[in-house]
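Notes follow once the structure below has been shown.
The values are calculated or read from the model by the stated rules, or taken from the named source; none is laboratory data. None of these values were measured; they are calculated from a predicted model. Note that each Cβ is placed from the backbone with ideal geometry, even for glycine, and that neighbours are counted across all protein chains shown. When the accessible area is computed, the model is the full protein with side chains, heavy atoms only, and any ligands, DNA or RNA have been set aside. Shrake-Rupley method; radii C 1.70, N 1.55, O 1.52, S 1.80 Å.
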Amino acid sequence: MKIKLIMNPVSRIIRDKGLDASGDAQKFHTQNVLRRIQKYMPYRSGTTIKIMIAQTNLQKPEIVLDVPYGKYLFYGKVMVGKAPKRVTDRDLNYTKTKNPKAGKRWDLALSAAEGKQMAAELQRYLSRRG
């Protein structure tokens with residue numbers, strides 16, 4: 001007895017299940033990260049967070065903040081001079097009135113504090129979809 005199994009290529013299976021870089025699972029995760037990362041960012045007027053939300057395309061697996069001051073906020077170093085700015089060894093003092101968890105490297109802070117929970121939420125999302 002011979003059995004012939006015909007399958008779609010792995011890349012198509014991944015795409016059909018929404019697991020590729022622009023699939024619904026990736027969109028769910030990017031949206032979850034975008035929502036959660038905000039509490040680890042410095043906050044004065046909320047403009048930086050609003051810009052990040054506007055610039056981030058949920059169809060792509062990345063959070064975007066493309067502003068001139070974004071890099072020094074992200075890495076937590078004071079930058080001086082006119083364009084191009086140069087980084088100093090001085091650490092930024094983040095305003096923590098609105099976001100007590102604000103600091104540098106928001107991605108690492110979020111991952112350390114909430115990574116397991118986000119992974120579990122993504123797993124539940126995938127399980128519900130079938």
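At-a-glance table
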| read-out | value |
| --- | --- |
| Extreme residue, farthest from Lys27 (Cα to Cα), among residues of region 57-89 that are part of a loop (DSSP other than H, G, I, E, B) and among the β-branched types (Val, Ile, Thr) | Val67 |
| Residue tally, condition hydroxyl-bearing (Ser, Thr, Tyr) and outside any helix (DSSP H, G or I), over region 1-56 | 4 |
| Filter result (loosely packed, with under 13 Cβ neighbours inside 10 Å, out of contact with any strand residue (DSSP E or B) (no Cβ under 8 Å at 6 or more places or on another chain) and at pLDDT below 95) within region 70-106 | Gly81, Lys82, Ala83, Pro84, Asn93, Thr95, Lys96, Thr97 |
| Some residue of region 107-128 being in contact (Cβ under 8 Å) with a residue 12 or more places away in the chain and among the hydroxyl-bearing types (Ser, Thr, Tyr) | yes |
| Test: residue in region 90-106 that is more than 22 Å from Gln26 (Cβ to Cβ), without any contact (Cβ under 8 Å) to a residue 24 or more places away in the chain and not in a loop (DSSP other than H, G, I, E, B) | yes |
| Every pair of residues 6+ apart whose Cβ atoms lie under 6 Å, when the first sits in region 65-88 and is without any contact (Cβ under 8 Å) to a residue 12 or more places away in the chain and farther than 14 Å from Gly103 by Cα while the second is part of a loop (DSSP other than H, G, I, E, B) and open to solvent by 70 Å² or more (accessible area, probe 1.4 Å) | Met79/Lys85 |
